[in-house]
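A quick write-up on the structure given underneath.
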Amino acid sequence: MIRITYVTVTYNAAGLLQRTLDSVLQQDYPELVHLIIDGASTDDTLQMVDAYIERSNAAENGHRIQVMSEPDKGIYDAMNKGLRSLDGDYVCFLNAGDFLPAADTVSHIVEMLNGQLPAVLYGDTDIVDGEGRFLHHRRLSPPEKLSWKSFRQGMLVCHQAFYARTDFAIATPYDIQYRYSADVDWCIRVMKAAAKENVPLQNLKMVVVNYTEEGQTTLHHRESLWERYRVMERHYGRLQTFLLHCWFVVRSVIK
């Protein structure tokens, strides 16, 4: 059976973590691994994780939970620790506060593969508030056919809706020079590697995650935008990035 690994990076996330844990616990698909990479939290995060492990064991759902708790150098350093602990077929980074839409989400994802192993699986995202209530569909939505060049128009697929095949993921660690936008860079580099090896990407054509709006990128919006501009320059060139952003400004004024 295809194995899916979720990596959840936490630090003092007790206020948001429970719905993330519950959504993974409720999955009816057995070949599921949940890696929790904690940055040495001082709140109730680890107690919640302990209770989660007990509940999962009692449910006998086949899930495997692994926990690491130690200081790190930031969220992307923690994500790299997750990559170094991977096994199975696909990985998705599910942040504290984000959650899977239904108990059969993973089952549906696996069914759509039909035994194939594309380099990336990607889907749609719904935005929720701090209480987990639906706000709206994500403004940027995945194209029918995604490629690494698609992100010239912005991050069309949410990081939490991007499932990377583990061989590509492990070979592509997060670049920790970026504090807020290493996820954008990572997705592009994974897709570039897939294109180089001529391995397809697959649109799941379903909502695969509910994303909580109040993340680090939201809290540091200006710094994040500047970093994303640097990421785009790195992959698409200085002139093309400048011209695209001029068009973004014109388009926003027209609207």
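The values are calculated or read from the model by the stated rules, or taken from the named source; none is laboratory data. Note that the structure is a prediction, hence the values are computed from the model and not measured. Don't worry about glycine lacking a Cβ; one is built from the backbone with ideal geometry, like all the others, and counts go over all protein chains shown. Ligands, DNA and RNA are excluded from the accessible area calculation, which covers all protein heavy atoms including side chains. Shrake-Rupley method; radii C 1.70, N 1.55, O 1.52, S 1.80 Å.
With +1 on each Lys and Arg Cβ and -1 on each Asp and Glu Cβ, and nothing else charged, work out how big the dipole of region 1-129 is about its Cα centre, in Debye to the nearest 20. Could the numbers behind the result be given before it?
On the way: 7 positive and 20 negative charges, 70 e Å.
Its charge dipole is roughly 340 debye.
Check each of the trypsin sites (Lys or Arg not before Pro) in region 164-241 and keep only those in coil by DSSP with at most 15 other C-beta atoms within 10 angstrom; list them in order. All intermediate terms of the calculation are to be shown ahead of the outcome.
Numbers: sites: ARG165, ARG179, ARG189, LYS192, LYS196, LYS205, ARG222, ARG228, ARG230, ARG234, ARG238; in loops: ARG179.
Those that pass, being in a loop and sparsely packed, are ARG179.
Listed by chain and number, the lysines whose C-alpha is less than 28 Å from the C-alpha of LYS145, apart from same-chain residues fewer than 8 away, are LYS192, LYS196, LYS205, LYS255.
Give me Rg over Rh for region 98-151, both radii from the alpha carbons and Rh done the Kirkwood way, two decimal places. Intermediate values should be presented prior to the final figure.
Details: Rg = 13.6 Å, Rh = 13.4 Å.
We get a ratio of 1.01 for region 98-151.
Taking the Cα centre of the chain as reference, the dipole from Cβ charges on Lys and Arg (+1) and Asp and Glu (-1) amounts to some 1500 debye.
Assign one of three labels to region 78-202, namely rounded, prolate or oblate, based on the Cα gyration tensor with a ≥ b ≥ c the square roots of its eigenvalues; rounded applies when a/c is under 1.5, prolate when it is not and a/b is larger than b/c, and oblate otherwise. Let's see the in-between values first.
Details: a/c = 1.31, a/b = 1.19, b/c = 1.10.
Rounded.
Does region 130-233 come out rounded, prolate or oblate, given a ≥ b ≥ c as the square roots of the eigenvalues of its C-alpha gyration tensor, rounded meaning a/c under 1.5 and, failing that, prolate meaning a/b above b/c? Here region 130-233 falls in the oblate category. For region 1-79, the alpha carbon convex hull comes to 79 Å³ per residue, rounded to a whole number. In the chain, helical runs assigned H by DSSP with n ≥ 4 each contribute -39500 (n - 2.57); averaged across all residues and rounded to the nearest 500, the mean residue ellipticity at 222 nm is -12500 deg cm²/dmol. Dimensions of region 24-144 from C-alpha coordinates, computed as largest minus smallest value along each principal axis and given longest first, are 43, 32, 27 Å. Roughly speaking, what is the centre-to-centre gap between region 61-85 and region 1-51 when only Cα atoms are used, to the nearest Å? Cα centroid of region 61-85 versus Cα centroid of region 1-51: 10 Å apart. On the beta carbon distance between GLN153 and MET68, with R0 = 30 Å, the FRET formula returns roughly 0.25.
Among LEU135, LEU21, LEU121, the residue with the largest mean-square fluctuation in a Gaussian network model of the chain, with springs joining Cα atoms closer than 10 Å, is LEU135. Nearest 10 degrees is fine. How inclined is helix 182-196 to the longest principal axis of the chain, computing both from alpha carbons? Its long axis makes an angle of about 80 degrees. Using only alpha carbons, region 48-113 has a radius of gyration to Kirkwood radius ratio (Rg to Rh) of 0.97.
Suppose accessible area is computed on protein heavy atoms with a 1.4 Å probe; arrange PHE134, PHE162, PHE99 from highest to lowest. Don't skip to the end; give the middle numbers.
Values: PHE134 120, PHE162 0, PHE99 30 Å².
So, going from the largest accessible area down, we get PHE134, PHE99, PHE162.
Each peptide in 41-47, 138-144, 4-10 was scored by the mean count of other Cβ atoms within 10 Å over its residues; highest first, the order is 4-10, 41-47, 138-144.
Volume per residue of the convex hull around the Cα atoms, evaluated for region 136-197, comes out as 100 Å³. The residues of the chain present an accessible area of 48 Å² per residue when probed at 1.4 Å with all protein chains retained. Seen against the Cα atoms of the chain and their longest principal axis, helix 238-254 is set at about 90 degrees.
Shape analysis of the chain based on the Cα gyration tensor places the equivalent ellipsoid semi-axes at 29, 21, 18 Å, largest first.
Provide Rg over Rh for region 83-129; use the alpha carbon set for both Rg and the Kirkwood Rh (inverse mean inverse pair distance). Rg/Rh: 0.97. For LEU16, LEU239, LEU94, the ranking by accessible surface with the largest value first comes to LEU239, LEU16, LEU94, using a 1.4 Å probe.
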